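What follows is one structure encoded as structure tokens, with my remarks underneath.
All of the numbers you see were taken from the coordinates with simple rules; none came from a lab. In this text the structure is predicted, and so the values were computed from the model without any measurement. All Cβ positions, glycine included, derive from the backbone under ideal geometry; neighbour counts span all protein chains shown.
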Amino acid sequence: MRKIIFFLNLFLILCLCVGCGPKKARREVVIYTSQDQVYSEVILKDFEKRTGIKVLAVYDVEAAKTIGLVNRLIAEKAYPQADVFWNSEFAQTILLKEKGVLASYHSPNSAGIPSQYLDPDGFFSAFGARARVILVNTKKVDKELYPKSVLDLLNSALPAKEIGMPYPIFGTALTQAAALYAAWGQEKARDFYQKLHDRGVRVVDGNSVVRDLVASGELSVGMTDSDDSCGAIKNNAPVEVIFTDQDTCGTLIVPNTAALIRGSPHPQEAKELIDYLLSKDVEAKLMEMGAIQMSLHPGDSQTSCLPLSNVKGFKVRLSEICANIIRASEDLKQIFVR
Amino acid sequence: MWFSLLFPFGRKLGLLLNSLGLAFSVSLTGLLIGIFAASFLAKYKKGPGLYLRWLVVMLIPLPPYIHALSWSSIAYKFFGLSLQGAWASWWVQLVSLLPLSVGLSLVGLEAVEQVLIDAGRVVEPDIKVFKRIIIPQALPMIIAAASFLFLFTLMDYTVPSLFSMNVYPLEIFAEFSASTEPLRALALGVPLLLIAFIAIILLQRPLRTAALQLTKKTKTEALALMMSPWFTWFQKIAIGIIIVQIIVPVYSLISSAGSFKNILLSTANAKSEIFYSLVIAFGASLSALLIAWPLAHRLSKVKVSSWWWFSIILPLVIPGSLVGVGLLVLVRALGLVGVYSSLWMPVLANIIRFGSLAVIIILARLKRTDRQLLDAAAVHQRNIFQGWLKVKLPLMVPAVVAAGCIVFILTLGELAATIIVVPPGKSTLTIRIYNYLHYGSSSQVAGLCLVILLAVLTAAAFITAILHRTRGAYDFPAER
């Protein structure tokens with residue numbers, strides 16, 4: 001009995017010590033990131049080795065749809081713990097800018113990135129992009145039936161029960177919907193999603209679920225992201241990736257974004273980290289790992305899983321897309337959440 | 001605008017009815033399976049059966065998402081079935097919560113006075129004894145089990161959304177996702193919270209009765225009940241469901257892990273997450289005990305009002321992310337800078353979420369402790385520490401160990417609050433599992449889930465060993 005009490009007390013003291021010990025004097029930077037840990041951890045460890053700055057990261061999970069980290073940043077606004085926010089998309093970054101969570105910083109490494117991917121006030125910079133794609137199971141669909149446009153998903157030649165999409169009320173699926181609202185207009189975009197719903201297309205919990213179902217053959221075709229598709233290709237699944245609407249309006253390009261947090265505890269280290277994230281080296285590394293499929297820096301890059309070509313994106317500004325998020329969300333909840 | 005958020009009309013009413021339907025169906029079937037399975041397991045009071053029966057609770061910390069993916073892949077791989085809709089949501093939600101139902105029902109059945117059963121068996125067949133004596137005696141704990149299943153299902157959207165079933169919490173999450181306005185999300189959540197509050201008010205009465213009822217346990221051994229064939233068949237079906245509920249996710253995890261080498265590799269890659277998960281779980285369970293014990297001690301001396309029970313149960317139904325955000329704001333407002341970015345934040349979050357369970361378990365034990373022993377200790381002890389070490393602490397060991405292990409197990413699987421408050425540079429096993437789930441590294445996920453199961457099995461075996469060693473040693477009928 002005394003031994004049990006002794007060890008119980010020891011663990012309690014250990015908890016106290018681990019949590020509240022004196023902080024070592026060292027350079028460190030705190031980053032919150034929604035980029036998959038399997039990719040972002042590699043990049044951040046590299047930064048540590050190069051600079052000697054200790055990186056303390058908080059990773060998000062897809063189950064929280066980035067809301068976890070965004071909520072945390074907003075809740076911490078008065079007393080920020082984070083220095084940098086690395087988002088794997090842009091909508092929530094723009095939202096954080098509107099809520100006054102971010103600070104302005106013009107990184108020298110953002111030179112050369114097209115202006116449509118930069119915030120004019122310098123509150124964030126975009127880098128390394130992925131795209132909304134359609135993933136096809138090559139064993140279940142004949143080549144001539146491969147969809148080339150999202151509108152082809154309304155084609156009766158493709159059975160509706162074999163088509164999958166994530167709930168278009170979260171994440172990049174919602175951003176894609178908002179982009180279609182911006183590019184096509186509300187009426188046409190709403191009509192498209194209404195027809196998808198009326199066809200009985202299978203709606204699932206997220207992009208990775210669509211990927212897994214198409215890869216396993218439960219579905220023939222699915223709307224997902226290009227990085228999720230790379231995951232299936234790396235696992236030797238019988239799939240092919242289609243960048244849709246290349247002859248017309250293009251597809252949604254989803255860049256990563258890096259932003260400085262207002263009142264960050266380590267501003268100098270934060271700026272060094274942002275400069276590093278925006279570098280061509282990081283873009284090349286992310287592309288090699290399959291986290292992104294497009295470089296926003298000028299010049300050619302190689303991707304490990306998809307044949308790189310100049311993917312045509314929507315000709316709308318990121319801010320225009322964000323302006324349609326609430327409207328798209330309300331409409332699509334009416335259609336899909338019932 | 002706010003009126004339309006607060007009151008669910010039209011489409012939202014349909015979603016609310018979906019949530020209620022799912023919650024009722026899961027709790028009712030969970031209740032029935034719990035009763036039959038627990039009545040079967042209650043026979044095993046010695047030997048390997050005593051330990052094996054607690055395998056039921058093994059899968060408590062396994063994320064429901066893992067259950068869902070396991071059943072989906074097994075259904076497609078072996079039967080070519082694509083699980084979708086209300087039936088799939090009901091089944092997976094049920095199997096993920098079944099350990100809770102069976103565990104609580106088992107506790108309820110074990111608390112029934114043997115004297116009453118023996119008296120009933122003299123004049124009535126065993127099946128009538130079960131119906132008229134055992135079930136009414138165990139009913140409070142059984143109702144508590146069904147109520148917990150109802151509440152947890154009502155507040156969840158992750159499993160139904162995986163199977164394309166739309167429920168009310170999905171609407172709340174979608175609103176929050178698009179607007180990040182907590183007040184709008186809270187307004188939408190009012191109908192759900194009202195239903196949950198009503199359920200809590202109804203729940204606190206059977207819980208209070210269950211806690212007090214545990215005072216009546218005796219030490220007498222008994223002959224096993226001889227039940228009707230149909231009853232025995234239902235018991236076997238219930239046990240069959242329990243066995244399948246364990247085998248499917250464990251088989252799916254083992255086959256996804258691939259090899260023992262992969263399990264070791266994923267464990268090695270996650271060693272810091274394993275370390276912090278264990279530190280947080282131990283910290284939460286020990287700290288919860290330090291708070292729960294004095295609180296339960298105080299409550300044991302007074303008549304516990306309904307409002308006290310209400311406030312004890314309430315944290316169990318508040319969404320984890322709300323707990324996290326609220327804790328952030330509170331700690332900063334109190335100026336506790338040292339705590340703000342330390343491991344104490346996830347420890348505190350889990351104490352808030354699960355500490356109430358520790359209070360309930362310890363209070364129940366205090367109610368059955370013989371006051372005469374404590375009075376004798378107070379008279380004869382040389383000093384207060386001796387009285388504690390020699391008498392009070394050994395009397396409380398079963399409840400303290402059980403309460404601590406339950407908080408430990410639940411903390412291991414917690415995600416929503418942890419992700420909000422975990423200090424930068426530190427992460428937990430559950431966060432890593434969900435991250436790798438998205439990436440698609442199923443072998444890593446499977447390996448890590450198996451590590452969690454091993455930790456839980458160890459905790460469950462530890463509880464059983466401690467409870468068995470101290471069983472009956474100090475159990476005397478308490479004063480009424």
By the Kirkwood definition, with r running over pairs of different Cα atoms, segment A:198-338 has a hydrodynamic radius in Å of 17.8
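In Å³ and rounded to a whole number, note down the convex hull volume per residue for the Cα atoms of segment B:60-144. Write out the running numbers ahead of the final one.
Details: hull volume 10.7 nm³, N = 85.
Here the figure is 126 Å³ per residue.
Using the crude model of +1 on Lys and Arg Cβ and -1 on Asp and Glu Cβ, and no other charge, please compute the dipole size for segment A:210-332 relative to its Cα centre, in debye to 20.
Working: 10 positive and 18 negative charges, 59 e Å.
Once rounded to the nearest 20, the dipole reads 280 debye.
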Apply the Karplus curve 6.51 cos²θ - 1.76 cosθ + 1.60, θ = phi - 60°, to the phi angles in segment B:251-260 and return the couplings in whole Hz, x for Gly and Pro.
4, 4, 5, 5, 6, 6, 5, x, 8, 5
Given charges at Cβ of Lys, Arg, Asp, Glu: chain A dipole, positive-most of A:LEU213, A:THR33, A:SER110
A:THR33
Per DSSP H run of at least 4 residues, take -39500 (n - 2.57); add these up for chain A, divide by its residues and hand me the 222 nm value, nearest 500 deg cm²/dmol.
-12500 deg cm²/dmol
Per residue, how much space in cubic angstrom lies within the convex hull of the C-alpha atoms of segment A:73-131?
94
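Could you calculate the contour length gain from A:GLN268 to A:ILE74, that is, 0.36 nm times the residue separation minus the distance between their Cα atoms, to one decimal place in nm?
On the way: separation 194, 0.36 × 194 = 69.84 nm, distance 2.19 nm.
Contour length minus Cα-Cα distance gives 67.6 nm.
Can you give the FRET efficiency to the nearest 0.05 for A:SER319 and B:ARG298, using r as the Cβ-Cβ distance and R₀ = 51 Å? Could the numbers behind the result be given before it?
Details: r = 57 Å, r/R0 = 1.12.
The formula returns an efficiency of 0.35 here.
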Over all directions, how big on average is the projection of the convex hull of the alpha-carbon atoms in the protein assembly as shown, in square nanometres?
35.8
Computed over chain A, the Cα gyration tensor eigenvalues, each multiplied by 5 and square-rooted, give semi-axes in Å (largest first) of 37, 24, 20
Between helix A:280-289 and chain A: long-axis angle, C-alpha atoms, 0 to 90°, nearest 10:
60
If you plug each phi of segment A:164-180 into the Karplus form 6.51 cos²θ - 1.76 cosθ + 1.60 with θ = phi - 60°, what whole-Hz ³J(HN,Hα) values come out, in order, with x for Gly and Pro?
x, 8, x, 3, x, 10, 9, x, 5, 5, 5, 4, 4, 4, 4, 5, 5
Partner aspartates and glutamates whose C-alpha sits under 19 Å from that of A:LYS54, ignoring same-chain residues fewer than 8 away, are A:GLU28, A:GLU41, A:ASP46, A:ASP83, A:GLU269, A:GLU272, A:ASP275, B:GLU273
Charges on Cβ only, +1 for Lys and Arg, -1 for Asp and Glu, centred on the Cα centroid of chain A; of A:VAL55, A:HIS297, A:TRP184, which one is farthest towards the dipole's positive end?
A:VAL55
With labels modelled as points extended 7 Å from the Cα through the Cβ direction, what inter-label distance (nm, one decimal) is found for B:THR458 paired with B:GLU110?
2.3
Quick check: pseudo-label points 7 Å beyond the Cα along Cα→Cβ at A:ASN155 and B:LEU186, how many nm apart are they?
5.0
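I'd like the FRET efficiency for B:PHE7 and A:ARG199, computed as 1/(1 + (r/R0)^6) with the beta carbon distance as r and R0 of 35 Å, rounded to 0.05.
Working: r = 32 Å, r/R0 = 0.92.
After rounding to 0.05, the efficiency reads 0.60.
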So, with points 7 Å from each Cα along the Cβ direction, the B:ILE237-B:LEU330 label distance in nm works out to 4.5
Could you calculate the contour length gain from B:SER311 to B:LEU17, that is, 0.36 nm times the residue separation minus the distance between their Cα atoms, to one decimal place in nm?
103.2 nm
Test item: B:342-351 mean partner chain Cβ contacts at 10 Å:
2
Chain A: relative contact order from alpha carbon pairs under 8 Å, six or more residues apart, as a whole percent, is 26
With +1 on the Cβ of every Lys and Arg and -1 on the Cβ of every Asp and Glu, and nothing else charged, how large is the dipole of chain A about its Cα centre, in debye rounded to the nearest 20?
940
Run the numbers on segment B:15-163 and let me know its relative contact order in percent, using alpha-carbon pairs under 8 Å that are six or more apart.
41
Tensor-based shape of segment B:264-395 (alpha-carbon gyration tensor, a/c under 1.5 rounded, otherwise prolate or oblate):
prolate
Which of A:LYS99/A:LYS271; A:LYS139/B:LYS12; A:LYS97/A:LYS285; A:LYS195/A:LYS315 exceed 31 Å between C-alpha atoms? The answer is A:LYS139/B:LYS12
Express in nm, to one decimal, how much length is gained between B:ILE135 and B:HIS380 on full extension, taking 0.36 nm for each residue of separation and deducting their alpha carbon distance.
84.0 nm
Please work out whether segment A:130-260 counts as rounded, prolate or oblate from its C-alpha gyration tensor, where a ≥ b ≥ c are the square roots of the eigenvalues and a/c under 1.5 means rounded, while otherwise a/b larger than b/c means prolate and anything else oblate?
oblate
At what distance in angstrom do the alpha carbon centres of segment B:324-360 and segment B:63-113 lie from each other?
31
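For segment A:45-148, build the convex hull from the C-alpha positions and give me its volume per residue in Å³. Don't jump to the answer; show the numbers that get you there.
On the way: hull volume 19.2 nm³, N = 104.
Measuring per residue, one finds 185 Å³ for the Cα hull of segment A:45-148.
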Return the long-range amide H neighbours of A:LYS54 (sequence gap of 5 or more, or a different chain), with a cut-off of under 5 Å between placed amide H atoms.
A:ARG27, A:GLU28, A:VAL29
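Can you tell me how chain B classifies by the Cα gyration tensor, rounded, prolate or oblate, using a/c under 1.5 as the rounded cut? Display every interim value, and only then the final one.
On the way: a/c = 1.41, a/b = 1.23, b/c = 1.15.
In terms of gyration-tensor shape, rounded.
Sorted by average packing, counted as other Cβ atoms within 10 angstrom per residue and highest first, what order do B:374-384, B:243-253, A:227-237 take? Before the final figure, lay out the partial values.
Values: B:374-384: 11.7, B:243-253: 17.9, A:227-237: 21.7.
Peptide ranking by packing, descending: A:227-237, B:243-253, B:374-384.
Give me the tail of P(r) for segment B:386-445 as a percent: Cα-Cα pairs with distance above 14 Å. Working shown, then result.
Numbers: 1229 of 1770 pairs.
Considering segment B:386-445, 69 percent of its Cα-Cα pairs are separated by more than 14 Å.
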